[in-house]
1. Got a sec? Which of 82, 74 is under 23 Å from residue 140 (Cβ atoms), surrounded by fewer than 21 Cβ atoms within 10 Å (Cβ to Cβ) and modelled with pLDDT of 80 or more?
2. Applying the selection to the range 129-142, what residues are buried (at least 18 other Cβ atoms within 10 Å of the Cβ) and in contact with a strand residue (DSSP E or B) (Cβ under 9 Å, 6 or more places away or on another chain)?
3. Can you list residue pairs whose Cβ atoms sit under 7 Å apart, with the first residue in the range 143-159 being without any contact (Cβ under 8 Å) to a residue 40 or more places away in the chain and at positive phi and the second being outside any strand (DSSP E or B) and surrounded by 16 or more Cβ atoms within 10 Å (Cβ to Cβ)? Count only pairs 6 or more apart in sequence or on different chains.
4. Just checking, does the range 107-115 include any residue being surrounded by 15 or more Cβ atoms within 10 Å (Cβ to Cβ), in contact (Cβ under 8 Å) with a residue 24 or more places away in the chain and not in a loop (DSSP other than H, G, I, E, B)?
5. Regarding the range 104-111, can at least one residue be identified that is within 24 Å of residue 149 (Cα to Cα) and touching a strand residue (DSSP E or B) at 6+ places or on another chain (Cβ under 7 Å)?
């Protein structure tokens with residue numbers, strides 16, 4: 001069931017417990033933003049719909065039943081704590097993604113994630129993007145990424161002076 005809400009600032013749609021919106025949401029530059037997802041224990045996987053360009057802060061917060069997420073190619077930004085405390089989340093699929101930015105603690109307190117493969121398009125990832133992901137062991141980066149690379153399952157950023165460690169899975173446990 002879909003419900004459309006129109007305000008002075010824009011139009012928002014609630015469908016299957018997901019609020020998305022067009023208009024002047026704080027920090028929104030245009031397009032559609034996934035604003036909120038009710039913490040639904042029945043939600044086991046999520047394929048984000050075309051037209052959504054940004055996953056808002058706390059959008060899937062505490063969706064304990066969530067096990068798998070496919071990041072749609074249209075998604076460009078994952079805001080802070082977008083998947084905070086999704087305790088049973090095991091897999092986030094970035095394969096077809098064109099995501100450019102993953103913010104602070106975007107995928108944090110997700111204790112069952114073991115492997116992350118970051119896309120070629122990624123331009124920024126916060127050092128604490130995977131904080132408290134206790135089972136994270138493997139980080140890979142798609143060939144062709146100009147900014148990041150992985151070696152021995154550690155994420156590095158290319159710098160003028162060589163490279164620097166961005167995320168080491170051993171440090172994601174705190």
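The values are calculated or read from the model by the stated rules, or taken from the named source; none is laboratory data. None of these values were measured; they are calculated from a predicted model. When we count neighbours, we look across all protein chains shown, and the Cβ atoms used for this are built from the backbone with ideal geometry, even at glycine.
1. Step by step, each of 82, 74 is checked, and only 74 is under 23 Å from residue 140 (Cβ atoms), surrounded by fewer than 21 Cβ atoms within 10 Å (Cβ to Cβ) and modelled with pLDDT of 80 or more.
2. Hits for the range 129-142 are 129, 130, 133, 136, 139, 141.
3. 153/169
4. Checked against the condition, which is being surrounded by 15 or more Cβ atoms within 10 Å (Cβ to Cβ), in contact (Cβ under 8 Å) with a residue 24 or more places away in the chain and not in a loop (DSSP other than H, G, I, E, B), the range 107-115 yields at least one hit.
5. Yes, that holds for at least one residue.
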